[in-house]
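Engineer: What follows is a structure written as structure tokens; I'll ask about it next.
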Amino acid sequence: MDEEGRTHTSKEDVVNEFVSFYRRLLGGERRREFIDLRYLRPWVRHVITQEEASALIQPVSREEIKLAFFDIEEDKAPGPDGYSSGFYKAAWPIIGEEITNAILEFFTTGCLLKQVNTTLLALIPKSLAKCICPGRSIGDNILLAQELLTGYNQQRLPKRCVLKGHLPLRYLGLPLLSSRLTISDCQPLLIKIDSRIKGWEGIQLSFAGRLQLIKSVLLALNIYWAMAFILPKGVIKEVKKRPGISMEGTFERGIPKGGMEPCFPSY
């Protein structure tokens, strides 16, 4: 249906109406209303004179170029050629004329060599901490810490270390327990999933968009926990009970009719 209320049924008319709608929406001319400067004069305290305005747009002189060079401190970082401003100050009687002509040419033609505006990128490698082992993933550290706490709930075992706080501890976002994981221990996981779902309620997303969020965000939380623990079946059931979401990445409600598959971008 177009703006005049006419209904289009043919494929060609529908396509033309879509193109016309977005052309009017995005391709229209913007109207600019300019403010008369006479109304702003009483509210402006400092106004430059005509002579000052002319001085701002006058050509750059050779004296200004030399003054700008000699105002640079000698201990500043050197340029791509490795020379600091101290070199140019000392050799100005020899190279000053060529440098001045190059700068004046830029202000006249607006062209600048790419080599002059080259950016130097320096990557400073960070030294790894002694506790970081190359090739070890974050899940290995969690499993190692979990293994150290195995059997600590038994009273007959001798004391082997000092624990700061009370079990369960939190390590890399996961609880460290001395026994098997229960549903109550997985409440932080369910709380995170609920907070993510509530944050998406106000976002108008398509079926494919919401499906992608479930696969990339919600399932990533579960996979991170399952990397170190065997999640109870009750946790999976609790996640499936969340409104409109299932662990397989589909929606319990609002599934497209006719077995339509969602279309994702090709990138």
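Engineer: Looking at this structure, is residue 182 of a type in the set (Ser, Thr, Tyr) and modelled with pLDDT under 75? Outline the logic, then answer.
Structural biologist: Details: of a type in the set (Ser, Thr, Tyr): yes; modelled with pLDDT under 75: no.
When the stated conditions are applied, residue 182 does not pass them.
Engineer: Just to be sure I understand the filter: pairs with C-beta atoms under 7 Å, separated by 6 or more residues or on different chains, first member in segment 221-237 and of a type in the set (Gly, Ala, Ser), second member crowded, with 16+ Cβ neighbours inside 10 Å. Which pairs pass?
Structural biologist: Listed by first residue and then by second, the contacts come to 228/142; 228/146; 228/174.
Engineer: Out of 54, 127, I need the residue that is hydroxyl-bearing (Ser, Thr, Tyr), closer than 30 Å to residue 145 by Cα, modelled with pLDDT under 90 and exposed (fewer than 12 other Cβ atoms within 10 Å of the Cβ). Which one?
Structural biologist: 127
Engineer: Just one of 47, 60, 14 is touching a residue at least 12 places away in the same chain (Cβ under 8 Å), surrounded by 10 or more Cβ atoms within 10 Å (Cβ to Cβ) and either assigned to a helix (DSSP H, G or I) or not hydroxyl-bearing (Ser, Thr, Tyr) (or both); which is it?
Structural biologist: Residue meeting the stated conditions: 60.
Engineer: Which is at pLDDT below 70 and either surrounded by 13 or more Cβ atoms within 10 Å (Cβ to Cβ) or of a type outside the set (Asp, Glu) (or both), of 110, 165, 135? Outline the logic, then answer.
Structural biologist: Values: 110 fails: at pLDDT below 70; 135 fails: at pLDDT below 70.
Step by step, each of 110, 165, 135 is checked, and only 165 is at pLDDT below 70 and either surrounded by 13 or more Cβ atoms within 10 Å (Cβ to Cβ) or of a type outside the set (Asp, Glu) (or both).
Engineer: For segment 138-147, enumerate the residues that are free of Cβ contacts under 8 Å to residues at least 12 places away in the same chain and either surrounded by 13 or more Cβ atoms within 10 Å (Cβ to Cβ) or farther than 13 Å from residue 176 by Cα (or both).
Structural biologist: If we filter segment 138-147 for residues that are free of Cβ contacts under 8 Å to residues at least 12 places away in the same chain, which is where we start, we get 140, 144, 147.
Residue satisfying the conditions is 140 alone.
Engineer: Considering only segment 11-31, state which residues are at pLDDT 85 or above and aliphatic (A, V, I, L, M).
Structural biologist: 14, 15, 19 - these are the residues of segment 11-31 that are at pLDDT 85 or above and aliphatic (A, V, I, L, M).
Engineer: One residue is enough: does segment 70-85 have a residue meeting the conditions farther than 30 Å from residue 1 by Cα, part of a helix (DSSP H, G or I) and of a type outside the set (Lys, Arg)?
Structural biologist: Going through segment 70-85, the residues farther than 30 Å from residue 1 by Cα turn out to be 70-85.
Among the residues that remain, those that are also part of a helix (DSSP H, G or I) are: 70, 85.
Still in the running and of a type outside the set (Lys, Arg): 70, 85.
So far as segment 70-85 goes, yes, one or more of its residues are farther than 30 Å from residue 1 by Cα, part of a helix (DSSP H, G or I) and of a type outside the set (Lys, Arg).
The values are calculated or read from the model by the stated rules, or taken from the named source; none is laboratory data. As the structure is a prediction and not an experimental result, all values here were calculated from the model. Quick reminder, even Gly has a Cβ in these numbers, built from the backbone with ideal geometry, and neighbours come from all protein chains shown.
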